[in-house]
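Notes for the one structure printed next.
Every read-out reported here was derived from the displayed coordinates using simple, explicitly stated rules and does not represent laboratory data. Note that the structure is a prediction, hence the values are computed from the model and not measured. Counting neighbours? That spans all protein chains shown, and the Cβs are built from the backbone with ideal geometry, glycine included.
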Amino acid sequence: MTDDANGLYAAVAAGVLAAEEDFADLLRSVVEVARAIFGARASSILLFDEESDELVFAAVAGDGEQTLVGRRMPSDTGIAGWVLSSMTPLVLEDVASDPRFARDVAEKTGFVPSGMMAAPLLADEQALGVLQVLDRPKRSRFSLQEMELLGLFANQAAIALGLLNSTRRARAALDGAGDVAVVGRLAASLTRLEGPRRAAGLALLAQLELLLRER
Amino acid sequence: MAEPEPEPDDDLYELPAWSLSREAGDFIRIANPLPERVDREWALGGSTGKGVRVCILDSGVENGHPLVGPVTRAVAISVGENEEPVATDDLEGDLCGHGTACASVVHALAPEAEIHSVRVLGAGFSGSGRALIAGLRWAVEEGYDVINMSLSTTKPKFAEALHELADQAYFNRTVVVASAHNMPVESLPWRFSSVISVASHDEDDPFVFYANPEPPVEFFARGVDVQIGWIGGGSIRATGNSFATPCIAGIAALILGKHPGLTPFQVKTVLYLISTNVGGADA
């Protein structure tokens, strides 16, 4: 599909899509579960903003959850940046012993973690962002099973982030002044209608479809 | 002691590339460099990786790090107008620690191998795929003996270029060692048969490595809870296929330090033969 067609599709779909807040809740629930399962101090999802080439905190559980959401950093800096660019997950421990790293992370997260796990969020060949889990307790050495678990959470977060992205595209198409925006508004209005008005609206659209059908 | 290696015959490459006459067959006799029994002592016993140039294609490498030693050359790669690689001397060191980590794993195994850093990060994520291709192109043209790639891309539009470069490296006697992906996604270049792909096992010994009977991942090396060098002269513990990959790159450097003429195909064969689950445990 062309970009226009994608936008049209997204706009029409917006009428039945959940609100952006629902997906933000979904992202938040992913980081909350990740934090709980790993027994970690904090967990966060960073969304890659293509326009500004930055990573943005989209959901945070634990330390920093009040202050971090919305904070931005360049997309190729730090561990999160490397994980995004290399598309490879990474687990680091004892990182607090490195003053440069500690300062770097502290500036972004508000505290100095001793360890972090990070995985890229991949969907449809795109890297959408990064999942981070900070300060997993050192009850045992890190295991391959935990790495797999991190990958599973990352997959779930990638799906949620993908949904959030398409909702945002849909909303942009709906709110926009482009030619297709009217179709999106129509679809949204129609889904809100009930009873005879809805039936009339649908009948009218069916006639319009007939009129526009290529010979 | 190493047996004398046959010198590569330069005249060989002047033969027609696409055909071979019956008479010419006699002129391209090649002495088999591999003994009847390839074991670890033959493959890498006494080797320090001396004379081998290992390229770390990554985030840069911290020069003079205690666990890395001197970096022979460091360049930063940007992408030119015609997608050509543009290399400039890299004075930034390591942007995140990852390249230094990979270099430290190679250095621990092959302490006399030369470490070269080719930095492909630093132009924003949006340009990272193109920079990766440009960096690999530059490194392949530079003719390194081993290229460590603890990174991959999931973008299909880069597949053709990556495939060509992996083949070019293979025919130019550059061993490309690439991290396998441990997430359920399609990524490159590790899936190509012209490179050596590596994933992690969770044992502590860097010389324990396994050949995978079910590729595309070809080898498993130490990648869990590894002590590695990090920026600022420090060290941390880390987990990831990123660190299993330089383990195999380091062992490849040891093999090439002792047997400089081996082709990537032969290096992979030797790695297979001395793998812990093949013949390595007997050595």
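Determine the shielding of peptide B:113-122 by partner chains: average, over its residues, the number of Cβ atoms on other chains within 10 angstrom of each Cβ.
The shielding value for this peptide is 1.
Between A:LEU204 and A:ASP53, 0.36 nm times their residue separation minus their Cα-Cα distance comes to what?
49.9 nm
Take peptide A:73-81, look around each residue's Cβ out to 10 angstrom, count Cβ atoms belonging to other protein chains, and average those counts.
For peptide A:73-81, the averaged partner shielding equals 5.
Setting aside same-chain residues fewer than 8 positions from B:LYS50, which lysines have a Cα under 16 Å from its Cα?
B:LYS258
Between A:ARG185 and A:LYS138, what length in nm is gained on full extension when 0.36 nm per residue of separation is reduced by their alpha carbon distance?
11.6 nm
What does the structure give for A:30-40 when I average, per residue, the other chain Cβ atoms found within 10 Å of the residue Cβ?
Working: counts 0, 0, 0, 0, 0, 0, 0, 0, 0, 0, 0.
Rounded to a whole number, the mean comes out at 0.
Treat each spin label as a single point 7 Å out from the Cα along the C-beta direction, and report the A:VAL33 to B:GLU164 distance in nm.
Label at A:VAL33, label at B:GLU164, 4.4 nm between them.
Show me, bin by bin at 5 Å from 0, the whole-percent P(r) of segment B:185-238 based on Cα pairs.
Pairs per bin, as whole percents: 4, 18, 21, 18, 17, 14, 6, 1, 0.
With a 10 Å cut-off between alpha carbons and a GNM built on chain B, which of B:ALA87, B:ALA178, B:ALA252 moves the most?
B:ALA87
For the pair B:VAL278/B:GLU83, report the inter-label distance in nm, with labels modelled 7 Å from Cα in the Cβ direction.
In this crude label model, B:VAL278 to B:GLU83 measures out at 3.5 nm.
Sort the following peptides by mean Cβ neighbour count (other Cβ atoms within 10 Å, averaged over residues), highest first: B:47-58, B:225-236, A:28-39. Walk me through the numbers before you get to the answer.
Details: B:47-58: 24.0, B:225-236: 21.4, A:28-39: 18.6.
Ranking, from highest mean packing down: B:47-58, B:225-236, A:28-39.
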